[in-house]
1. Got at least one residue in segment 49-63 being surrounded by fewer than 17 Cβ atoms within 10 Å (Cβ to Cβ) and assigned to a loop (DSSP other than H, G, I, E, B)?
2. Touching a residue at least 60 places away in the same chain (Cβ under 8 Å) and either buried (at least 24 other Cβ atoms within 10 Å of the Cβ) or in a helix (DSSP H, G or I) (or both): which single residue out of 126, 72, 68, 91 fits that description?
3. From the set of residues in segment 146-160 that are part of a helix (DSSP H, G or I) and more than 14 Å from the chain's Cα centre (by Cα), which is farthest from residue 118 (Cα to Cα)?
4. Just for segment 129-145: of the residues that are in a helix (DSSP H, G or I), in contact (Cβ under 8 Å) with a residue 24 or more places away in the chain and in contact with a helix residue (DSSP H, G or I) (Cβ under 6 Å, 6 or more places away or on another chain), which one is surrounded by the most Cβ atoms within 10 Å (Cβ to Cβ)?
5. State yes or no: is residue 161 surrounded by 17 or more Cβ atoms within 10 Å (Cβ to Cβ), at positive phi and touching a residue at least 12 places away in the same chain (Cβ under 8 Å)?
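Each reported figure results from applying straightforward, stated rules to the coordinates on display, with no laboratory input. In this text, all values refer to a predicted model and were calculated from it rather than measured experimentally. Cβ sites come from the backbone with ideal geometry, for glycine too, and all protein chains shown count toward neighbours.
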């Protein structure tokens, strides 16, 4: 077992950090003692909401679908904090469209953000983790990656299925070097996007399908990230942790 740096010395990178699941993850990591690099297309909300954490939080602009921006932002993060120990690939894009409604433009945009972005960021940070003998990569997949989703979302489901396969590939390649790669597969997380894009009637229907009778709380998802990022989770790699309230069992 490789010696891991103390959490207070670790640096966590979170993509898609300005709202929702990303913001909740940044907050949880800071509260746990990590130093955090929050990245997104814009970072004003995360910067103002968590300003009390001072210099333990730094914000960087990054479009994960643009490899040049990914490399520039990671260079800046390493210049600022000196390292990246934990990478949370949370940035994502979802537009509701079934098979007939999905245009080529929507298809390609969804895959660029949800799949290309995970690969670009992971490919950039993994070698540094490998050289130090420690690292944690946590990818955000989805219930739809395994099932196609409860609603027909072909582009989103395909992109998240790709994230699962990519998780397996990175896990296998980097396991000998103290670097783990795992994914979370949530169903419905109680975010502002969910309440804005899904009608109250549809939300009630979905809750009835979930055995625990509710959606995943942001704090529950963030806690799952902390679990996979923890130094004592080094024997877990290549796993997809389901957060589905009992909706499906493997």
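1. no
2. Working: 126 fails: touching a residue at least 60 places away in the same chain (Cβ under 8 Å); 72 fails: touching a residue at least 60 places away in the same chain (Cβ under 8 Å); 68 fails: touching a residue at least 60 places away in the same chain (Cβ under 8 Å).
Being touching a residue at least 60 places away in the same chain (Cβ under 8 Å) and either buried (at least 24 other Cβ atoms within 10 Å of the Cβ) or in a helix (DSSP H, G or I) (or both) holds for just one of 126, 72, 68, 91, which is 91.
3. Going residue by residue through segment 146-160, those that are part of a helix (DSSP H, G or I) are 146-147, 154-160.
Next cut, more than 14 Å from the chain's Cα centre (by Cα) only: 146-147, 154-158.
Details: 146: 18, 147: 21, 154: 18, 155: 16, 156: 14, 157: 15, 158: 14 Å.
So, considering only residues that are part of a helix (DSSP H, G or I) and more than 14 Å from the chain's Cα centre (by Cα), the one farthest from residue 118 (Cα to Cα) is 147.
4. It comes out as 145.
5. Numbers: surrounded by 17 or more Cβ atoms within 10 Å (Cβ to Cβ): yes; at positive phi: no; touching a residue at least 12 places away in the same chain (Cβ under 8 Å): yes.
No.
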